[in-house]
Structure formats: C-alpha cells, structure tokens
Amino acid sequence: DSTGTVAATVSQTASGSFIHPASLTISTASTLPGSLVNAAYSQSFTATSGTEPYTWTLSAGSLPADCVLSTAGVLSGVPTLTGSSSFTLQVQDGAAVTVSKAFTVTIAGTAPSITTLTLPLAVKTAAYAQTLTATDGTTPYSWSLSAGALPSGMTLSSTGVLSGTPTVSGVFNFTVKVTDGANIQAKQSYSLTVAASYSVPVMAAVSLGSTTVGQSYTATVSASNYPKTFTLTGLPAGLTYSKTAGIITGRASVTGVFNVQIKASNSAGTSAVVSAALVVKALDPGLIGSYTGIISRSVSANSNLGGLLALTLTTQGTFTAKINAAGKSTSVKGYLNAAAPQVQVTVGSAVLSLTLAGADTATGTHGTAAVTAWRHAWNTTTNPASAHAGYYTLSIDLQSGTDLGVSSIPQGSSYATLSVLASGAIKISGKTADGQSITSAGFMGAAGECALHTSLYANLGSISGLLNVQSGSSGDFSLNAVTGQITWSKPVSTTRTYAAAFGPLNLAAAGLYLAPAASGSVILGLPSTGSAALTFMEGGLALATTDPDVNAFTYSDTNVVTMPTAGSIANPAKATLSLNKNTGAMKGKFTLVDSGASRSVSFSGLIVRQLSGQVLAKGYFLLPQIPVGSEKASTSPILSGGVQISQ
C-alpha cells in the first residue's frame, strides 16, 4: 500500500455442529383441572421452546359453555352447563411457527368431599388398614399423599387404602387429596397416632336390630384398640359368630327377645361387657301350613303336561316344595324369604317362585308355567268345610265348538266324582272319554279351589285343571256347584283308540251336589218315576245300520230301570242300562249288527245334576269302526261317542 506496509491475508475456519433451536411445544397437560358449574374458572396454557410472543386460538371443538379463550392463552369464565368438553388449541410464536394440542375439561355438578375425618389408633408392629372414603363429585376417585409423611412401613394406595405395619411409634401429621373423575380435588389433614403397645379393647356401640325366624341374618360387632377375639353369649338358636371377626350369621330358629352379652379381648386385657337386644319375630301364622296348587302347561317347565304343587311351610321358616309333573316327583327344601317372593328355589330344571298373597293363597311361576296354589285352612273341629262337604259328580265336555264333531278327537263326555270331607280333604275319581282313569287327591282351598291333575298314557299325556266348589244360595246344599276349566292332551300311540296325538283340548267341567257322602245315601238327580230317554251320539254311529237310542225306558219309585224288549222297535240295539242309586254310576251295553258283523259296545257314565237342561246323566262309549279297505275287525279304529239320559 501507500505506506509500504506489506499486507497479510488471515483465514480462520470454524468446525463443529450447528445448534438448532428446540421445537415449539405446548406443555400444559391434555386433561385440564375440572371445575364446578356456576363457579369461576381460570386455566392458563403454557408453551415452551418457541419465540415469544405466543398467540393462542381455538382450532377445533367447543369450550365449556360461557367460557372464552384469550390470545394470551387463558381459558376463563363461569361455566353454566355440566359435562365434558373436548377441544383443540393452536399456539403461534413470534417466528410464525404453530403447534396444536387436544384438551379435555369436565364441568361437574358437585365437588368431591372426603368423609373419613379421623383415623383409628395404630400400633407399632401391628398390621393396619383403613379405607378412606369420599362422596359427591364424579367417580372414579384417585387418592394420593398431598403433604407430610406417613409412618415408616405404611403406604396410601390410589384406591384410598391406608395400610401397612408401622415400624415406629409417635404422632404423624399428613394431608391426603382425592381427585375425582372430573379432575377436581379435595384435601383432608390427619393426625395418626402409632402407639408403642396394645391397649385394652373398647367395645363400639352395638345395635342388633330384629329379624324373623328362619330368615338369613348377619350383623357385625366391633371394638377399638385391636381386638383379637370376641365373646358373645345369649344368641338365639340358629345363630353363630366368628370369634376373630365378630360377625354374627345364620337363621334364628326360635322367637323372642334375646339379650346378647358381648366383650372383646387382646393381649392387653378384656373390654367391659356391653349388652344388646336382638328381636326374633314369629312368622305370620296365616302363612304356616300346607299348600297345594295347579301348575299350568309349559313346554319348557313340564313338557306341556301341567303338574301339581305340594308345599309345606313350618313355624321355623323352612319349607318343603314338591312338584309332580310328567309322572315325576321332585322335592326340595329351603328357607322363606322375608319379602315376596317368599319362596324361590330351583325345582328340577326351573325356578319355583311363589308369593304368599294372603287370604290363604299363593301365586307365582315354575319356570314359564303359572302356579295357582292355596293353603289348607280347614279343620274338622275349629273350621270345618261344612258348607262344601259332600259328594259331587261332574261331566267334563269339549268346550270349543271347533272340536265338536271332529272324528280325530273323542266326542264322548269324560266324567268324575268329587268327595269333599269336613276336613277339607278331597278325592277325585273318574274316566276320560277314551277310557283312561282319572285320579286326584288333596285338599280344597278356602274359596273352594280343587286341583285335578292326572298323568296319562305312560306319563306322556295328562288331564289337568282347576275346579271350584261353590255353596249354593239356598243354604241346603242342593245348589252347591262344581265348575272348572280343564285341559286334556294325548301323545301319538300305537293303540286303536286315537293313535294320533290330540290336544291340549279345552274342556268345561260342571256338576252339582248329589249326597252327603259317596255311598250310603240315595243321591239326588236320579230320573223321576216314569219315562226317560237314553241317547247316543257321534263315535261313528252314523255309519251303523242300527240306531241304539232308546227313546223311552221306565224308572220306578224303587229305583229300578226297565228297558223295552231287546231287539224290539223301541230297543233295536238290545241296549241295557243300570243306575246305582247310591253313587250315580251309569253303565250298560248295546249291540250293532252291520253286514252280518256284530259289535258289542259298553258304555259308562254318571248321574250329573246340572243347573239347567233336561240331561240327567252323561258318559261315553268306545265303538270299533266298520273295517275299511285293508282294515280288519280287530284292527279298525275305535272312536269315542257320547251317551246321556234325559227326561
């Protein structure tokens, strides 16, 4: 240069890594602290690693009602609606860098409140456990230590259980907090004393209340200062207790007021004795005794055959239930419930559930089958069934008009006798219109209920239903009546008599009082002296060449039947007839001759008094049909027809 100084060029090279600034981040947790409805709320959001200033905006979702977000990142307001709000916030820094994050806040109706206010004494080296409780707020709750320290050896779980074995004695002060599902917190301070050794137990107040004989009972007695054993005396029979837990359980089997003495012990000594009364009430005497009832048809409960219930309730609150269905008898035992349903127990494959409805009745179900039952309220000495006692007969006839005249269904009248004793005991005996025996026994209900149920056809069919005996208005027994709704079913069989299945058919039962007893008296309802008619119908008679009807036979004042001459125009089928004046039994025969083939047919039935009409007796006959095609006289079907006496 002009100064003559020699210039030198200096080169400096820097080597190493280039440092980039950290990414912009929103550091506020996604789940925000909750708040209460109609309470002031304020929450500030923070961002880091960006270039200030920061600008905040709502980019998606909705803020809590009546809350706003400032550009400085403060969510504030007085929320007016409860519920959870989800939204997304965006922050932009001074370098125009943006980042977003999703948040949730819950506005609750109530804040949590800790309800455990004090802690029981702890003892050094003794296991300790106390569950802290809270109310209100939004579940679930989460518990944690907020301040102070727990005794060495103890912890607080997130579910609120303070437990462990303290290794030091002393007084320990600490604070716990509970956080509810809305992220709202509550705190409670405690002072926990850890004693150096055990103290004599102190019994807590005891209230044993009351129970009913036979009912499940449980109660717990307790004491402070770490009791090791409890001693109880004076408990009623049927109740026992746990010596270590102080829990009383069982079912009292006697009634009365029992003064129970209770004390607690540990290595330091025994507490003072406390007394508490336990009242064991008796069952309502109107519930005790024997019940019977009818079970409706149900495919799942009894193969659609119906059944009979027998139930016995004792003064000790126990019961025995027996169900007869589909030819099988199943018995179980159990205890009455304190409230309806008083009986609930599995019998067979279904649950028997009965409510004792009062007025000596019980209703309920056995699986899907309805149960109607009644208590044996009668007693020969103190409550005889005098207004109902006697001998009744009833016919059991097809009820639906669509079944009448159908050859695949028996068209004769089923029939039965019913004997009611002063004790309330009943006996039913009779025949179905295809010749099956009907037998049923039990006792009558207070309102005249009687169960009729007989398994038939090797227990694959049945006749079943409810009869009702009502005393007549005359007060002289003559208008005492029996009515009822009966169903009848038969399975497929290989017999000549209705091989195909039928039913359940709907039948109507009806009849009146006949006599004081089943034999020994001349019954009511016999034909009056003079002429009466014997009539046959259905059963295939339309194809016969001979009409077996007898339009006029005579009945004498000495109860003798005189039929027209056999084979005469007045009696072409040589019909015979006898009537039992003491039981009302009707029986006889007639003979049909078609194309040289003779068919001898028996019939049977009963004198059945009815409220109206001229029919005096009803029954059935079974008629082998005239062979058709490949049939033989020994293999042709046998059909049921009806027979009646009218006058």
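Is it fair to say LEU622 is within 28 Å of SER419 (Cβ to Cβ), open to solvent by 30 Å² or more (accessible area, probe 1.4 Å) and either in a strand (DSSP E or B) or not hydrophobic (A, V, I, L, M, F, W, C) (or both)? Criteria met by LEU622.
Reported count of residues in region 414-425, each being within 22 Å of GLY619 (Cα to Cα) and either open to solvent by 10 Å² or more (accessible area, probe 1.4 Å) or modelled with pLDDT under 95 (or both), is 3. Just one of the numbered conditions (1) open to solvent by less than 60 Å² (accessible area, probe 1.4 Å); (2) within 50 Å of the chain's Cα centre (by Cα) is not true of THR155: (1). Give the residue, chosen from ASP557, ASP594, that is open to solvent by 70 Å² or more (accessible area, probe 1.4 Å) and more than 24 Å from LEU398 (Cα to Cα). Matching residue, one of ASP557, ASP594: ASP557.
Can you name every residue in region 34-47 that is open to solvent by 60 Å² or more (accessible area, probe 1.4 Å) and over 14 Å from ALA72 (Cα atoms)?
Across region 34-47, the qualifying residues are ASN38, ALA40.
With respect to the stated conditions, SER413 is under 26 Å from SER521 (Cα atoms) and either touching a residue at least 12 places away in the same chain (Cβ under 8 Å) or of a type in the set (Gly, Ala, Ser) (or both). Within region 353-390, if we keep just the residues that are within 21 Å of LYS328 (Cα to Cα) and without any contact (Cβ under 8 Å) to a residue 40 or more places away in the chain, the residue that is most open to solvent (accessible area, probe 1.4 Å) turns out to be THR365.
Identification of strands (runs of 3 or more DSSP E) wholly contained in region 155-267 with 3 or more residues that are over 30 Å from LEU283 (Cα atoms) yields 161-164, 170-179, 185-195, 256-266.
Residues are listed down the side, and each one gets a yes or a no for (1) farther than 25 Å from GLN647 by Cα; (2) among the β-branched types (Val, Ile, Thr):
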residue	(1), (2)
ALA585	no, no
LYS589	no, no
ALA597	yes, no
ILE607	no, yes
GLN614	no, no
ILE626	yes, yes
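Identify the residue in region 391-402 that is surrounded by fewer than 24 Cβ atoms within 10 Å (Cβ to Cβ) and more than 36 Å from the chain's Cα centre (by Cα) and, among all such residues, is modelled with the highest pLDDT. The residue in question is TYR391. Residues in region 60-113 that are of a type outside the set (Ser, Thr, Tyr), farther than 21 Å from THR46 by Cα and crowded, with 17+ Cβ neighbours inside 10 Å: PRO79, ILE107, ALA108, ALA111, PRO112.
Residue check: is LYS581 out of contact with any strand residue (DSSP E or B) (no Cβ under 6 Å at 6 or more places or on another chain), touching a residue at least 12 places away in the same chain (Cβ under 8 Å), in a loop (DSSP other than H, G, I, E, B) and farther than 18 Å from SER414 by Cα? Yes: the conditions hold for LYS581. Considering the conditions (1) surrounded by 21 or more Cβ atoms within 10 Å (Cβ to Cβ); (2) free of Cβ contacts under 8 Å to residues at least 60 places away in the same chain, LEU311 is excluded by exactly one of them, (2). The set of residues in region 470-499 that are in contact (Cβ under 8 Å) with a residue 40 or more places away in the chain, open to solvent by 30 Å² or more (accessible area, probe 1.4 Å) and at positive phi contains only PHE477.
Pairs meeting the criteria (first residue in region 129-151 and farther than 22 Å from GLY109 by Cβ and open to solvent by 60 Å² or more (accessible area, probe 1.4 Å), second residue among the small types (Gly, Ala, Ser) and modelled with pLDDT of 95 or more, beta carbons under 9 Å, at least 6 apart or on different chains) are ALA129/SER163; ALA129/GLY164; THR131/GLY160; THR131/SER163.
The values are calculated or read from the model by the stated rules, or taken from the named source; none is laboratory data. Computed from a predicted structure; not experimentally measured. Ideal geometry is used to build each Cβ from the backbone, glycine not excepted, and the neighbour counts take in all protein chains shown. Heavy atoms of the whole protein, side chains included, go into the accessibility calculation; ligands, DNA and RNA do not. Shrake-Rupley method; radii C 1.70, N 1.55, O 1.52, S 1.80 Å.
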